[in-house]
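Remarks on the structure that follows.
The values are calculated or read from the model by the stated rules, or taken from the named source; none is laboratory data. Small disclaimer: the values here were computed from a predicted structure and weren't measured. We place every Cβ from the backbone using ideal geometry, glycine too, and count neighbours over all the protein chains shown. For accessibility, only protein heavy atoms count, side chains too; no ligands or nucleic acids. Shrake-Rupley method; radii C 1.70, N 1.55, O 1.52, S 1.80 Å.
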Amino acid sequence: MSYAKVLSVGLTGVTGHLVEVEADLSPGLPAVVLSGLPDTALNEARDRVRAAIVNSGQRWPSRRITVNLLPAGMRKTGSAFDLAIAVVLLGGAGELPLAAFDEVAIFGELGLDGTVRPVRGALPMVAAAAEAGISRVVVPLGNATEAAVVPGVEVKAVDTLHRLVAFVRDGVPLLDPPEGGPEAEPEGPDLAEVAGQALGRRAIEVAAAGAHHVALLGPPGAGKTMLAERLPSILPELDDEAALAVTALHSIAGVLPPGGRLRRRPPFQAPHHTATVQALVGGGSGLARPGAVSLSHHGVLFLDEAAEFAGRALDALRQPLETGRILLRRADGATEYPARFQLVLAANPCPCAKPSGDQFCECSPQARRRYIGRISGPLLDRIDVQVTLDPLGAAELMAPESRSEPSAVVADRVLKARAAASARWSEHGWRTNADVPGAALRRPPWRLPAADLKALRMRLDHGSLSARGFDRILRLAWTIADLDGRHRPDGDDVLEATQLRTGIAP
Ligand SMILES: [Zn+2]
């Protein structure tokens, strides 16, 4: 009987876990048994590993082979265990001494010809290995730059199984990660490019400062998309923890740009209104792919033409909006990914999408209400900033660009406002004004003087303002005061806050 063991890494959601891959080879009828809760992909691994070993010029052990992946209770998905299985088989058969792989984590997918292919999720896998005290990893060459982002881990890469065998037998060196390009993260579009549109600019500045969700209504050409695309440019950069979480999710989705580095800019996702529910929330076989809600984690999810999205697509946003996470239930088990995004909805005020003004749009008031009604209800309840933008006038379009404030200046105000809010709320467990429950703002010590709320109370009594709308205005008033560097909102802040949520229904 012969036995061998190597370390690999598996993923549960974004969390990696060390996995022991062990092989036992005993005399008997040649057969391969995989155990440790393998899914379909793992069973396919058996065929890939056999072909890769033979096509790399190695002998396939003609014995009874048991491969076991521990811990047995953890669900294992994907093809990333191929390389470790091949290594442990050759080790167990006495073909390959494995002393060089003590305390080394190995992963990679094998092609039938013995090439080692990159896998999705390499970054969180290496991060998990590092956290478990592993300081050396062997990864596919295609994952090496991404793996090298994790501090404190020596990354070696392989392009073929043959190279790994040659390393152990003959000391042929493994590959180093390719030099990551020194180019900085590309700058997104800048607010300086947006002419005029004072209300829209103010809406996204307030949204950024208080982490409020935003709905932008208005006819085509009102600049809704331009404004939404520039929200990330005024949000604070991601801190280390957020940057790692965001980069890990993009790694699992397989959408990290080459050159592998931590993402510092808040991500921006703009799924089309024909996007499937799966594209929005994630899913798929094997290692579940994060959807737009997770790819915009710590960033912005922009739904243009929001009223055109299928009802069930919009409904699917409710869970992540409430919990900041998305649970994907599938036949082979559930996967959970983080999904805490800032939502920006844009919509035309009516179904015909023609410029406003009586001579163009002939939609009835009922048709307009019905159209916007598609996105109302629970979704709209969570959106603090709701404004209707006018089409850009010729005067605004022709205004010299120098009049538009660049993103960096706005981002500076946003950062200070966020710091003020965080200092005020942190002892209560809230980070931003958007986190604060309405009830807290209606009670001392945060209740505003009655005189400042007089107009709001009247609207509340007349039914032209809902209780939720009242709370939204209070939250926005605090953000406006924070942006202005004042400790408490005054009557003018309440007035402006009211203007920032007059877009849709009471
Ligand atoms: Zn119309």
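What number of residues within the range 16-25 satisfy the criterion of being farther than 19 Å from VAL138 by Cα and either open to solvent by 30 Å² or more (accessible area, probe 1.4 Å) or under 21 Å from the mean Cα position of the chain (by Cα) (or both)?
Selection size over the range 16-25: 1.
Quick check on the range 265-285. Is at least one of its residues under 14 Å from the mean Cα position of the chain (by Cα), within 22 Å of PRO118 (Cα to Cα), surrounded by 15 or more Cβ atoms within 10 Å (Cβ to Cβ) and among the charged types (D, E, K, R)?
The answer is no; no qualifying residue exists.
Is it the case, given these coordinates, that SER56 is touching a His at 6+ places or on another chain (Cβ under 9 Å) and open to solvent by less than 50 Å² (accessible area, probe 1.4 Å)?
Here the answer is yes, as SER56 does meet what is asked.
Would you call VAL126 surrounded by 24 or more Cβ atoms within 10 Å (Cβ to Cβ) and over 30 Å from GLU237 (Cα atoms)?
no
For the range 230-259, what are the residues that are on the phi < 0 side of the Ramachandran plot and part of a loop (DSSP other than H, G, I, E, B)?
ARG230, LEU231, LEU235, PRO236, GLU237, LEU238, ASP239, VAL255, LEU256, PRO257, PRO258
Could you figure out which of (1) open to solvent by less than 60 Å² (accessible area, probe 1.4 Å); (2) more than 25 Å from LEU500 (Cβ to Cβ); (3) touching a residue at least 24 places away in the same chain (Cβ under 8 Å); (4) not hydrophobic (A, V, I, L, M, F, W, C) isn't true of PRO236?
Result: PRO236 fails condition (2) only.
Would you call ARG330 surrounded by fewer than 19 Cβ atoms within 10 Å (Cβ to Cβ), of a type in the set (Lys, Arg), away from the ligand (no atom under 16 Å from the Cβ) and in the same structural domain as ILE383 (by the TED database)?
yes
Specify the residue that is nearest to the chain's Cα centre (by Cα); the eligible residues are those in the range 333-354 that are at pLDDT below 90 and within 16 Å of the ligand (Cβ to nearest atom).
The residue in question is ASN348.
Please find, among ASP471, ASP412, the residue that is modelled with pLDDT of 90 or more and surrounded by 15 or more Cβ atoms within 10 Å (Cβ to Cβ).
Just one listed residue meets the conditions, ASP471.
Report, by residue number, each residue of the range 153-171 that is farther than 18 Å from ASP113 by Cα and either among the hydrophobic types (A, V, I, L, M, F, W, C) or assigned to a helix (DSSP H, G or I) (or both).
VAL153, VAL155, PHE167, VAL168, ARG169, ASP170
Confirm whether THR225 is in a helix (DSSP H, G or I), closer than 14 Å to VAL344 by Cα and outside the structural domain of PRO151 (by the TED database).
In short, yes.
When you scan the range 247-264, how many residues do you find that are surrounded by fewer than 23 Cβ atoms within 10 Å (Cβ to Cβ), of a type in the set (Gly, Ala, Ser) and at pLDDT 90 or above?
Number satisfying all stated conditions: 2.
What's the number of the only condition in (1) closer than 29 Å to VAL14 by Cα; (2) touching a residue at least 24 places away in the same chain (Cβ under 8 Å) that GLY57 fails to meet?
If we test GLY57 against (1) closer than 29 Å to VAL14 by Cα; (2) touching a residue at least 24 places away in the same chain (Cβ under 8 Å), just (1) comes out false.
Is one or more of the residues making up the range 241-259 farther than 25 Å from GLY78 by Cβ and touching a strand residue (DSSP E or B) at 6+ places or on another chain (Cβ under 9 Å)?
no
Go over the candidates GLY357, GLY377 one by one and state the one that is small (Gly, Ala, Ser), modelled with pLDDT under 85, on the phi > 0 side of the Ramachandran plot and within 16 Å of the ligand (Cβ to nearest atom).
GLY357
Which members of the range 70-105 meet the condition of being more than 29 Å from the chain's Cα centre (by Cα) and within 19 Å of GLU131 (Cα to Cα)?
The answer is LEU70, PHE101, ASP102, GLU103, VAL104.
Applying the selection to the range 416-451, what residues are touching a Leu at 6+ places or on another chain (Cβ under 9 Å) and surrounded by fewer than 19 Cβ atoms within 10 Å (Cβ to Cβ)?
If the condition is that a residue be touching a Leu at 6+ places or on another chain (Cβ under 9 Å) and surrounded by fewer than 19 Cβ atoms within 10 Å (Cβ to Cβ), then LYS416, GLY438, ARG442, TRP446, ARG447 are the ones that fit.
In the list THR40, THR66, THR12, which residue meets the criterion of being over 30 Å from ALA127 (Cβ atoms), at pLDDT below 95, of a type outside the set (Asp, Glu) and open to solvent by 40 Å² or more (accessible area, probe 1.4 Å)?
On inspection, the qualifying residue turns out to be THR66.
Cβ-Cβ under 7 Å, sequence separation 6+ or interchain: first residue in the range 436-464 and free of Cβ contacts under 8 Å to residues at least 60 places away in the same chain, partner assigned to a loop (DSSP other than H, G, I, E, B). Which pairs?
VAL436/TRP430; ALA440/TRP446; LEU448/PRO489; ASP452/ASP490; LEU456/LEU465; ARG459/LEU465; SER464/PRO506
Suppose the filter is assigned by the TED database to the domain that holds SER251, open to solvent by less than 20 Å² (accessible area, probe 1.4 Å), assigned to a strand (DSSP E or B) and touching a Gly at 6+ places or on another chain (Cβ under 9 Å); does LEU216 pass it?
In short, yes.
Conditions first: (1) open to solvent by 30 Å² or more (accessible area, probe 1.4 Å); (2) under 18 Å from ILE204 (Cα atoms); (3) modelled with pLDDT of 95 or more. ARG486 passes all but one, so which condition is the exception?
Of everything listed in (1) open to solvent by 30 Å² or more (accessible area, probe 1.4 Å); (2) under 18 Å from ILE204 (Cα atoms); (3) modelled with pLDDT of 95 or more, ARG486 misses just condition (2).
Filter the range 150-174 down to the residues that are within 22 Å of the chain's Cα centre (by Cα) and surrounded by 24 or more Cβ atoms within 10 Å (Cβ to Cβ) and list them by number.
Answer for the range 150-174, where residues must be within 22 Å of the chain's Cα centre (by Cα) and surrounded by 24 or more Cβ atoms within 10 Å (Cβ to Cβ): there is none.
Could you say which residue among LEU397, LEU441, LEU453, LEU448 is more than 16 Å from the ligand (Cβ to nearest atom) and modelled with pLDDT under 90?
That would be LEU397, the only listed residue that is more than 16 Å from the ligand (Cβ to nearest atom) and modelled with pLDDT under 90.
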